[in-house]
Amino acid sequence: MCTATSYAAKDHYFGRNLDLEFSYHESVTITPRSFPLAFRKVSDLTTHHALIGMTTVADGYPLYYDATNEKGLSMAGLNFPDNADYKPETPGKNNITPFEFIPWILGQFETVSQAREALQDMVLVDIPFSAEFPLSPLHWIISDREESVTVESVKDGLRVYDNPVGLLTNNPTFDIQLFNLNNYASMSTAQPENHFSKKLQLDSYSRGLGAVGLPGDLSSMSRFVKAAFTAVNSISGDSESEAISQFFHILGSVAQQRGCVEVGDKYEITIYSSCCNTDKAIYYYTTYENSQITAVDLHKVDLDGAALSCYPLVTGQQILAQN
Ligand SMILES: C[C@H](CCC(=O)NCCS(=O)(=O)O)[C@H]1CC[C@H]2[C@@H]3[C@H](O)C[C@@H]4C[C@H](O)CC[C@]4(C)[C@H]3C[C@H](O)[C@]12C
């Protein structure tokens with residue numbers, strides 16, 4: 001399970017939880033403007049916007065999980081098992097493989113509206129990266145400060161949904177996730193009034209009673225509701241410290257603790273949580289065992305260069321001894 005979200009404070013932030021039972025040895029990777037981005041069925045991008053995000057690098061190619069470009073456009077891929085349906089090559093269309101989708105969009109576009117237009121002529125094709133890295137069943141969120149969309153390639157074609165919550169989890173399809181929020185219209189951050197019955201005296205014996213009934217389990221529909229409630233009601237100050245702290249708390253509301261979600265003989269955990277300041281292109285992350293926030297700044301490398309810069313995740317706990 002995974003959760004991705006977009007959050008606007010003074011700056012705009014975008015990030016995700018990567019929930020899985022194993023790691024692909026991720027690194028934060030910067031792709032500079034002149035790194036040749038090769039595509040299987042469309043023209044290569046020899047120069048493009050610079051990107052920063054989480055990857056596995058295979059055969060020198062950055063396989064992005066989530067990323068932001070130097071213009072602030074961001075994107076993340078999340079599991080979408082049994083629903084993702086990639087197509088055979090279609091003549092006359094831009095045929096993009098799922099592993100190329102993030103660099104193809106972020107390499108060229110600055111806004112969700114430009115990306116939305118490009119999606120009209122694009123097909124997600126069923127070409128795997130390699131035998132070692134087969135096709136992943138994914139759907140995607142694309143965000144800028146103003147708006148987000150969800151992209152799903154399903155049996156009957158490519159669906160692009162406006163995403164007014166700026167949030168994505170996993171199954172079912174996005175239209176159902178959004179519809180399901182209707183069931184939670186009565187959730188509130190305020191203390192409840194007694195609508196149960198005029199004949200009974202009911203007391204507000206605890207804070208937080210306005211959201212009794214908000215799901216707390218780790219299923220993807222429940223995480224969508226819980227994270228939506230937390231994100232849309234979030235308040236933070238203008239400073240970077242306040243905003244990124246709030247962002248990690250939103251993701252923390254749906255994080256996975258080892259032992260709670262069984263997958264065969266393993267357990268799914270939140271391998272990393274990321275938060276990119278999309279205005280400054282600083283990618284912050286924590287890992288399951290490293291609660292200290294680590295930062296990688298896009299603008300600290302030569303963006304006109306041609307070589308990837310990879311930063312393997314700092315995974316061990318960093319403890320500040322106070323005495
Ligand atoms: C599994 C990851 C998503 C996590 C998630 O949503 N888990 C929920 C599981 S479930 O619904 O509850 O079953 C996805 C996100 C990005 C994916 C990776 C990226 O797409 C980059 C490459 C793409 C290659 O085709 C496959 C390996 C891979 C390295 C992918 C492996 C895997 O599918 C990743 C890591």
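No lab work stands behind these numbers, since they all come straight from the coordinates. This one's a predicted model, so the numbers in the text were calculated from it and none came from an experiment. For neighbour counting, all protein chains shown are included, and Cβ atoms are generated from backbone atoms with ideal geometry for every residue, glycine included.
Please sort 247-257, 179-189 by packing, taking for each peptide the average over its residues of neighbouring beta carbons within 10 angstrom, highest first.
In decreasing order of mean packing, 247-257, 179-189 become 247-257, 179-189.
Tally Lys/Arg at +1 and Asp/Glu at -1 over every other residue whose Cβ is under 9 Å from the Cβ of ILE52; what's the total?
Every neighbour counted, the sum reads -2.
Report, ordered by chain and residue number, the lysines lying within cross-link reach of LYS280, taken as a straight Cα distance under 28 Å and ignoring same-chain residues fewer than 8 apart.
Partners within reach: LYS10, LYS71, LYS300.
Using helices alone, I'd like the mean residue ellipticity at 222 nm for the chain: each DSSP H run of four-plus residues gives -39500 (n - 2.57), total over residue count, nearest 500.
The helix contribution divided over the chain gives -4500 deg cm²/dmol.
Given the C-alpha atoms of region 188-323, compute the convex hull and give its volume per residue in Å³.
Cα convex hull per residue, to the nearest whole number: 218 Å³.
About its Cα centre, how strong a charge dipole does region 237-323 have in debye, to the nearest 20, once Lys and Arg get +1 and Asp and Glu get -1 at the Cβ?
The calculated dipole for region 237-323 is roughly 200 debye.
Rule-of-thumb check for region 237-285: C-alpha Rg over 2.2 N^0.38 Å?
On the way: Rg = 14.0 Å, N = 49, 2.2 N^0.38 = 9.7 Å.
Compared with the compact-globule rule of thumb, region 237-285 sits at 1.45.
So, counting K/R as plus one and D/E as minus one, what does the shell of residues with Cβ under 12 Å around GLU89 add up to?
Combined, the nearby Lys, Arg, Asp and Glu give +3.
In the neighborhood of TYR65, defined by Cβ-to-Cβ distances under 9 Å, what is the net charge if each Lys or Arg adds +1 and each Asp or Glu adds -1?
Details: positive: ARG16; negative: GLU26, ASP66.
Neighbour charge sum, excluding TYR65 itself: -1.
Based on the Cα gyration tensor of region 117-202, what are the three equivalent ellipsoid semi-axes, each the root of five times an eigenvalue, rounded to whole Å and given largest first?
40, 15, 12
Running a GNM on the chain with Cα contacts under 10 Å, which residue among ALA131, ALA228, ALA295 ends up with the highest mean-square fluctuation?
ALA131
Please list 3J(HN,Hα) in residue order for region 93-99, calculated via the Karplus relation 6.51 cos²θ - 1.76 cosθ + 1.60 where θ = phi - 60°; whole Hz, with x for glycine and proline.
10, 7, 8, 10, 7, x, 6
In terms of the ratio Rg/(2.2 N^0.38 Å) built on C-alpha atoms, what value belongs to the chain?
Output field value: 1.03.
HN-Hα J couplings of region 225-238 from phi, Karplus 6.51/-1.76/1.60, θ = phi - 60°, integer Hz, Gly and Pro as x?
5, 5, 5, 5, 4, 5, 5, 6, 9, 5, 10, 8, x, 7
So what does log10 I(q)/I(0) come out to for region 18-142 at q = 0.13 Å⁻¹, using the Debye formula with one equal point on every Cα and no solvent?
Each listed q maps to, in turn, -0.49.
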